[in-house]
Amino acid sequence: QVKLVNSGGGSVQAGASLRLSCAASGISVGDYTMGWYRQPPGKQRELVGRITKTGDTNYADFVKGRFTISRDNAKNTVYLQMNNLKPEDTAVYSCNAAFLGTNVAWGQGTQVTVSS
């Protein structure tokens, strides 16, 4: 059974940093494209960024230079390091595993709240 568990969210002030985790079981994160998504209150879910099997990363324009996705194959965990957080980053953040364009699993999400 594939399972992704998100953790690391919280309430912080603008300018702070958080690191979110996506711990996987049932799959090896190095074999999948792992994505981070977020859903702001009242809005649709949007892609934050991805890390591919080869370790390449890409990010949405609104987080470039502030957020970094990394992967620890030994811990079977993917991370989202978020720096210089802004109030508009407030959202539920979830990770996703995809293989050949097909979604395999989603994390349950973790709330990030940024106050000004």
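The values are calculated or read from the model by the stated rules, or taken from the named source; none is laboratory data. No experiment lies behind these values; they were computed from the predicted model shown. Cβ placement follows ideal geometry from the backbone for every residue including glycine, while neighbour counts extend to all protein chains displayed. The area values use the complete protein model at the heavy-atom level, side chains included, leaving out ligands, DNA and RNA. Shrake-Rupley method; radii C 1.70, N 1.55, O 1.52, S 1.80 Å.
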Every residue from the stretch 57-112 that is aromatic (Phe, Trp, Tyr), in contact with a Gly (Cβ under 9 Å, 6 or more places away or on another chain) and closer than 21 Å to Gly42 by Cβ: Tyr93
Just give me the residues in the stretch 1-11 being touching a strand residue (DSSP E or B) at 6+ places or on another chain (Cβ under 6 Å), surrounded by fewer than 17 Cβ atoms within 10 Å (Cβ to Cβ) and more than 13 Å from Val92 (Cα to Cα), in sequence order. Val2, Lys3, Val5
For the stretch 1-25, which residues satisfy the criterion of being without any contact (Cβ under 8 Å) to a residue 60 or more places away in the chain and more than 20 Å from Ala60 (Cα to Cα)? Gln1, Ala23, Ser25
Considering Asp56, Asp61, which residue is under 18 Å from Leu100 (Cα atoms) and of a type in the set (Asp, Glu)? Asp56
Considering the stretch 18-46, residues that are open to solvent by less than 50 Å² (accessible area, probe 1.4 Å) and among the polar types (S, T, N, Q), and then whichever is nearest to Ala91 (Cα to Cα), we arrive at Ser21
Would you be able to say whether some residue in the stretch 33-44 is free of Cβ contacts under 8 Å to residues at least 60 places away in the same chain and among the β-branched types (Val, Ile, Thr)? no
Among residues of the stretch 71-97 being without any contact (Cβ under 8 Å) to a residue 60 or more places away in the chain and farther than 21 Å from Val2 by Cβ, the residue most open to solvent (accessible area, probe 1.4 Å) is Glu88
Please determine whether any residue of the stretch 53-63 is in contact (Cβ under 8 Å) with a residue 40 or more places away in the chain and surrounded by 14 or more Cβ atoms within 10 Å (Cβ to Cβ). no
Is there any pair with a first residue in the stretch 99-112 that is polar (S, T, N, Q) and a second that is part of a loop (DSSP other than H, G, I, E, B) and open to solvent by 20 Å² or more (accessible area, probe 1.4 Å) whose Cβ atoms are under 8 Å apart and which are 6 or more apart or on different chains, and what are they? Thr110/Gly8; Thr110/Gly9; Gln111/Gly9
